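Values in this text are rule-based calculations from the coordinates and carry no lab data. In this text, all values refer to a predicted model and were calculated from it rather than measured experimentally. With ideal geometry, Cβ positions are generated from the backbone for all residues, glycine too; neighbour counts draw on all protein chains shown.
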Amino acid sequence: MTQRKLLITGGAGFIGSNFVHTILESYEDIQVIVLDKLTYAGNLRNLAKWKDEKRFHFIKADIANKEELSLALNGIDFNEIVHFAAESHVDRSITGPEEFVKTNVLGTFYMLEIGRNLHEKGKLNVFLHVSTDEVFGSLGADGAFTESTSYAPNSPYSASKAGSDHLVRSYFHTYGMPVITTNCSNNYGPFHFPEKLIPLMILNCLQGKQLPVYGKGENIRDWLYVKDHCLAIDLAIHKGKFGETYNIGTRNEKNNLEIVELICNLMDLRHPQGAPHKKLITFVTDRPGHDFRYAIDPSKIEKELGWTPKYSFEQAIEETVDWYMNNKEWWSEILSGSYQSYYEQQYKGIG
Ligand SMILES: NC(=O)c1ccc[n+]([C@@H]2O[C@H](COP(=O)([O-])OP(=O)(O)OC[C@H]3O[C@@H](n4cnc5c(N)ncnc54)[C@H](O)[C@@H]3O)[C@@H](O)[C@H]2O)c1
């Protein structure tokens, strides 16, 4: 078998960097090339552990810039592509949708073209595209998304991801490219950028800041531990069928208020000087077009690929809280940079 050489786009972001850790820790004879633009969400600190590792290489490039991308990859040898790079924050897609269309749609198209070029030379083993359950739109009180649920995206973020999923599908049907798409639910875990619900709440508790909760906190998400997600992606690379899509989730639905209250309880034990942290909960005006509920039916990946999650929610959420408690240097640097002005703009008037 030829040596596996993975090109991982967006590998300096939250899920991508966790995936780099999973892969380098799981396989000795593997090369990893991370290609990342290092936007506000990309952070080389996430990958610091591997900086002197011979199996690890980093390239800074923008997937939405065709010339820059082909120049950056010129002469670089790889045979698998795992595509994470995206603009990923729904709120930012509402205030600035253009970057989402550029990176998520055009950038995915350019990455597919890179893949097609390799495929035509017989050198591409797999192109795995990482997508979201948000492409399916919003659920009512019942039911769950399956792989055959119709697409109905409601935000510029989910619409741009839906566009990228369709392009990926077309490269299988048109060019016979070995593509696989995974659609997962909301992730949580180490290296999650503080604008997202779980890290935002942990860090605000630590700093005695208010805990902004949209609407009444009733929106439901199906929470997936990032380490389980990374193992599922690795399994899909090995066992997945080309041209197929796989939903990844752990049947772990919680509404936002439940999540925030749970974090407050965990923080009360770990940071008693701020207790009770629940007093910091502040309900803020709901996000426009806020999808009510997402829930994933993971039966297909369970039955066809034999996937089961390794971590329980209780264990994983505690690990996550502890990770933020133990990695103050990581998040202090982010909070002291340009993110601060975004935060102030987003949550005007709350302390
Ligand atoms: N976080 C979640 O809960 C979640 C859920 C479902 C699907 N996803 C998908 O998983 C993938 C990774 O999400 P994440 O949460 O790690 O995102 P993230 O925002 O933490 O990281 C995205 C990474 O992509 C890089 N990037 C952005 N634009 C780029 C460009 N033009 N060229 C090259 N690199 C660029 C950023 O620098 C960053 O390192 C995304 O495709 C996202 O849509 C995420």
Does ILE30 fit the bill of being farther than 19 Å from MET111 by Cα and touching a strand residue (DSSP E or B) at 6+ places or on another chain (Cβ under 8 Å)? yes
Only one of (1) more than 9 Å from the ligand (Cβ to nearest atom); (2) buried (at least 17 other Cβ atoms within 10 Å of the Cβ) is not met by LYS121, so which one is it? (2)
Just to check your reading of the model, which residue among PHE78, PHE145 is within 28 Å of GLY249 (Cα to Cα), surrounded by 15 or more Cβ atoms within 10 Å (Cβ to Cβ) and among the aromatic types (Phe, Trp, Tyr)? PHE145
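Based on this model, can you work out whether TYR171 counts as buried (at least 21 other Cβ atoms within 10 Å of the Cβ), more than 19 Å from the chain's Cα centre (by Cα), more than 10 Å from the ligand (Cβ to nearest atom) and aromatic (Phe, Trp, Tyr)?
Values: buried (at least 21 other Cβ atoms within 10 Å of the Cβ): yes; more than 19 Å from the chain's Cα centre (by Cα): yes; more than 10 Å from the ligand (Cβ to nearest atom): yes; aromatic (Phe, Trp, Tyr): yes.
In short, yes.
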Please state which of the following conditions LEU6 fails to meet, knowing it meets all the rest: (1) assigned to a helix (DSSP H, G or I); (2) away from the ligand (no atom under 13 Å from the Cβ); (3) of a type in the set (A, V, I, L, M, F, W, C); (4) under 15 Å from CYS230 (Cβ atoms). (1)
Qualifying position, being of a type outside the set (Phe, Trp, Tyr), at positive phi and within 16 Å of the ligand (Cβ to nearest atom), among GLY143, GLY208, GLY189: GLY189
Tell me which of these MET111 doesn't satisfy, since it passes every other one: (1) over 29 Å from ASP286 (Cβ atoms); (2) out of contact with any Asp or Glu (no Cβ under 6 Å at 6 or more places or on another chain); (3) surrounded by fewer than 20 Cβ atoms within 10 Å (Cβ to Cβ). (3)
Hey, among LEU71, LEU35, which residue is more than 11 Å from the ligand (Cβ to nearest atom) and over 30 Å from VAL284 (Cβ atoms)? LEU71
